Amino acid sequence: IYPGQKLKVGGTTTDVTSSTIQPLVPSTFLHYTYPKGVVADANRNKALLLSTPQPSQAQMKQIIRDTAVSMGVDPALALAFAYQESGFQQTAVSPANAIGAMQVIPSSGEWASQLVGRKLNLLDPYDDATAGVAIIRSPVRTSDTLDIAIASYYQGQYSVTTQGMYSDTKAYVKSVKAHMKNFG
């Protein structure tokens with residue numbers, strides 16, 4: 001066998017085109033369509049997560065709780081974020097390529113890696129929890145109010161402080177705070 005050589009294999013074939021393959025992750029969310037490359041990365045990450053054993057929702061909930069306690073973050077707050085973002089589903093991947101139970105995008109995962117002083121792999125449930133909790137911890141420490149800290153996870157701290165909270169961000173904050181009551 002050499003490169004470019006054509007091989008004949010017995011059996012039947014099926015012509016599969018990219019238009020017939022159903023993506024695991026759609027390209028739109030909340031009326032926003034994400035770039036094809038980002039969605040392609042999201043689909044690759046979703047396939048990787050689905051191809052490996054993942055913790056149950058109850059196990060992921062415990063991982064997040066333990067991580068929050070060890071990092072000095074209110075576990076009820078971390079659990080409220082995870083419930084809002086994914087319902088504790090480590091296999092969740094958004095069209096923006098937000099990965100895992102904490103729904104951290106890769107660039108935020110790089111930042112979280114810097115915050116904790118080691119490279120984090122968002123496909124790993126423990127590292128996903130660590131990234132999410134590290135990102136929560138940062139605005140909690142630097143924001144004037146819990147509402148601003150919560151909004152910062154969703155909208156970005158710079159955007160919240162310069163633009164104010166968007167209407168969907170206000171709804172997000174309200175929802176996370178309501179979820180906190182269930183985990184307190």
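The values are calculated or read from the model by the stated rules, or taken from the named source; none is laboratory data. These figures come from a predicted structure and were not determined experimentally. Counting neighbours? That spans all protein chains shown, and the Cβs are built from the backbone with ideal geometry, glycine included. We work out accessible area using only protein heavy atoms, side chains counted, and drop any ligands, DNA or RNA first. Shrake-Rupley method; radii C 1.70, N 1.55, O 1.52, S 1.80 Å.
Points to keep in mind about this one:
- Which of Leu24, Leu49, Leu123 is most accessible, then next, and so on - probe 1.4 Å: Leu24, Leu123, Leu49
- Subtracting the Cα-Cα distance of Gln57 and Lys36 from 0.36 nm times their residue separation leaves 4.6 nm of extension gain.
- For Leu120, distant residues with modelled amide H under 5 Å away: Ser113
- Prolate/oblate/rounded label for the chain (Cα gyration tensor, a/c 1.5): prolate
- Formal net charge of residues neighbouring Gln90 (Cβ-Cβ distance under 14 Å; K, R +1; D, E -1): -2
- Prolate/oblate/rounded label for the stretch 42-118 (Cα gyration tensor, a/c 1.5): oblate
- Of Tyr166, Pro35, Pro106, farthest towards positive along the dipole that unit charges on Lys, Arg, Asp, Glu beta carbons give the chain: Pro35
- Most fluctuating residue given options Ala68, Ala80, Ala58, as computed from a GNM of the chain linking Cα atoms under 10 Å: Ala58
- Lys181/Ala47 FRET efficiency (R0 35 Å; Cβ-Cβ; nearest 0.05): 0.45
- When peptides 92-98, 26-32, 72-78 are sorted by average Cβ neighbour count within 10 Å, with the highest value leading, the order is 92-98, 72-78, 26-32.
- Within the chain, longest stretch free of exposed trypsin sites (Lys or Arg not before Pro) [DSSP loop, at most 16 other beta carbons within 10 Å]: 9-117
- Taking the Cα centre of the stretch 54-184 as reference, the dipole from Cβ charges on Lys and Arg (+1) and Asp and Glu (-1) amounts to some 220 debye.
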